[in-house]
Every structure is written in structure tokens, then in C-alpha cells.
Amino acid sequence: MKFRTEIENDNRFQGLITHDRPIVMVGSCFSDNIGGCLRQRLFDVTVNPFGTLYNPLSIASSIEHIVDNKKFDDSDLFHDGQLWHSFHCHSMFSSHDKDDVLQRMNESVSTANISLANASVLILTLGTTRVFNLKETGETVANCHKQPSSLFNERYITLDETTSTLKKIIQRVRKLNNGIKIIFTVSPVRHPGNSLHADRLSKSTLMLGIENVIDENNGVMYFPAYEIMVDDLRDYRFYADDMRHPSTVAIQYIYSRFEDMYFSNETRMLASTCEKLTRRLSHRFMTDNALAIERFNRETEKLENQLISTYPYIEYALYKFKQKQ
């Protein structure tokens, strides 16, 4: 007797993701979660270059900037009396220094453009069809930056809008990188802001929109993160304390299913070895034993050199990992 609804793997795409080609991820905070798992295993992954994005319209806008290598200028910023922000980006870019904000935003655009042009896979995680439009201009904002609600109109985009937006994303991306594969997924994060019913309708619209574009485009696929969370794990103990986001255990489980679906056995083994290295590099010593510390560091350096010697392309991902430490 089975007491769980396990989501079957689609083995058609095994081997799609490898260590030797960049990966780009754009979308909700679930992109950050899975991107963190990939980064820890030394994949060359670019995650949310504009910060966390939730709705298809904002994701499409970010893709447009990246594909066209379109730079931001003063007109893309506003000052709230304390910080400079952009309605195109997450608050991670906000600062007291306007020039600093623009520099970091434009550096992120340039880096993402190069990564996307060379990537084998683009992973887009959609969170909601709920959008906020700035009344003054009508544009959809990626982040409200805690500005007064009176500045915005709120609505849910329709299925037709969702489908047409996803089509435009695919067309845009393939102008820059014609051979890229695109994986869509729907975030398992719950958005009960208006109601759970509205959140279910929103997720359903996203799924239908994705299904529409998969039917019409080769090399476009769906990873069932939402279904794994809701139907396989299916228990509040797999949610974080806020009862909205997946717990660490749930993220690791969903990531393992991601590996099963898209990694070859060779890639999975290499990823495991890389994770051993990054765990060693992240290790915090609880001893003053100088000999033990020296031996640990020597073994870590040996493993690092062996990996780089065998897989030279890992060196760049390792450099990026160390920069994040």
C-alpha cells in the first residue's frame, strides 16, 4: 500500500543540464533556493540578476533588458526620501548612492547578457499572476518597495496575457541564444495575500499558460515543483515557520527530484563531489588544534586542485562561489 503520491520522473530530459555550460534562473524566491543548490555544487549559474521576480510581466521585462543589454539610467530610479530604488528591480539594489544603484544594476545586466548568450538552459519560475501597475505610468512594477498602495492599481493578468507574455519571452531569448532549452516551473510558495482561492486560480492560470507554450515550442518543458510540494510532500511540516515557503528539507527534496529529471549519472556524481568541496570551504572550525586545521585545509586544497585539473571549467564557478562566501 502506498501512502504518498510520488511524481513520476520524465526521463526524456536526463543529461540536459551539465557542469560545462552556464545556467540562468529568473523568477520567484524558489529560483534562489534551487539556484543556491546548484551554486553549492559548482554549476556556473546566474540567479535572479534583477532580484526576486514573481509575475510573468516583470520577468518578461527583465528578459528584455538582458537580451538587449539595455542599460538603466536616471529615469529608471526614484527617491523615497531615504534611498534610491528602481521599480524594475528588487530592493537588494537600493542605496543612498544613486550612481552605485545604477552601476550595480547595469553590471548585473551585462553579466546576465553574457551568461544567457552562452547558457544551455534558462529556468523560469513563475509565482503569481497578481501584478501592481504604477498609476502614473501604467507600467507593471517588479517591486513596490513599500511605497503607498495609493500609487498602484492591482489586478490579476488573464490566461491570454500570460500565454502571450510567455511566448514573447521565448522569442526574445532565442534571438540571443537560438539553441537554449527553457524550463518553466511554478513556485510552490503560497501567496494567500488576497485569499487562498485567488492564489489557486493564479497558479492554475500560470500552469495553463505554460502548457500552451510547451505545446507550440520545441525545447520548452515543465518541472513540477508545485506538484511535488503540494501532492508528494503534502504536509505542513514541510513548510517553513511562515507556512508559506518550503522548508529546507522540502527544498532539498525538490532539488533531488530536479537532479533525477535533468542530470546524467556522471553529472550527478560530479555535483556530489563538488558539494563535498564547497562544504569543506564553508566549514567553520570548532577546534584550536593547529595540526588538525592544517590537515583539513591541505586535504581541501588537494580536492580543489584535483577537480580543477580534471574539469577546468569548474574554476570559474568556484571563483563565484568563493566571492559569495
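Some points to look at:
- Residue that is surrounded by the fewest Cβ atoms within 10 Å (Cβ to Cβ) [pool: residues in the stretch 188-220 that are modelled with pLDDT of 90 or more and in contact with a helix residue (DSSP H, G or I) (Cβ under 6 Å, 6 or more places away or on another chain)]: Leu208
- Residues of the stretch 217-228 satisfying the condition of being touching a strand residue (DSSP E or B) at 6+ places or on another chain (Cβ under 6 Å), among the aliphatic types (A, V, I, L, M) and in a helix (DSSP H, G or I): Ala225
- The residue list Thr278, Thr273 contains one member that is at pLDDT 95 or above and within 21 Å of the chain's Cα centre (by Cα), which is Thr278.
- Residue, surrounded by the most Cβ atoms within 10 Å (Cβ to Cβ), within the stretch 153-187, restricted to residues that are over 21 Å from the mean Cα position of the chain (by Cα) and part of a strand (DSSP E or B): Tyr156
- Selection status of Val220, among the aliphatic types (A, V, I, L, M) and within 23 Å of Gly35 (Cα to Cα): yes
- Condition check for Ala271: among the small types (Gly, Ala, Ser) and out of contact with any Leu (no Cβ under 9 Å at 6 or more places or on another chain): no
- In the stretch 109-152, the residues that are β-branched (Val, Ile, Thr), within 17 Å of Ser202 (Cα to Cα) and part of a loop (DSSP other than H, G, I, E, B): Thr128, Thr129
- Criterion applied to Ser75, Ser58 was being buried (at least 20 other Cβ atoms within 10 Å of the Cβ) and hydroxyl-bearing (Ser, Thr, Tyr), and the one residue passing it is Ser58.
The values are calculated or read from the model by the stated rules, or taken from the named source; none is laboratory data. Every value quoted in this text rests on a predicted model; they were computed, and no experiment measured them. Glycine gets a Cβ as well: all are built from the backbone with ideal geometry, and neighbour counts include every protein chain shown.
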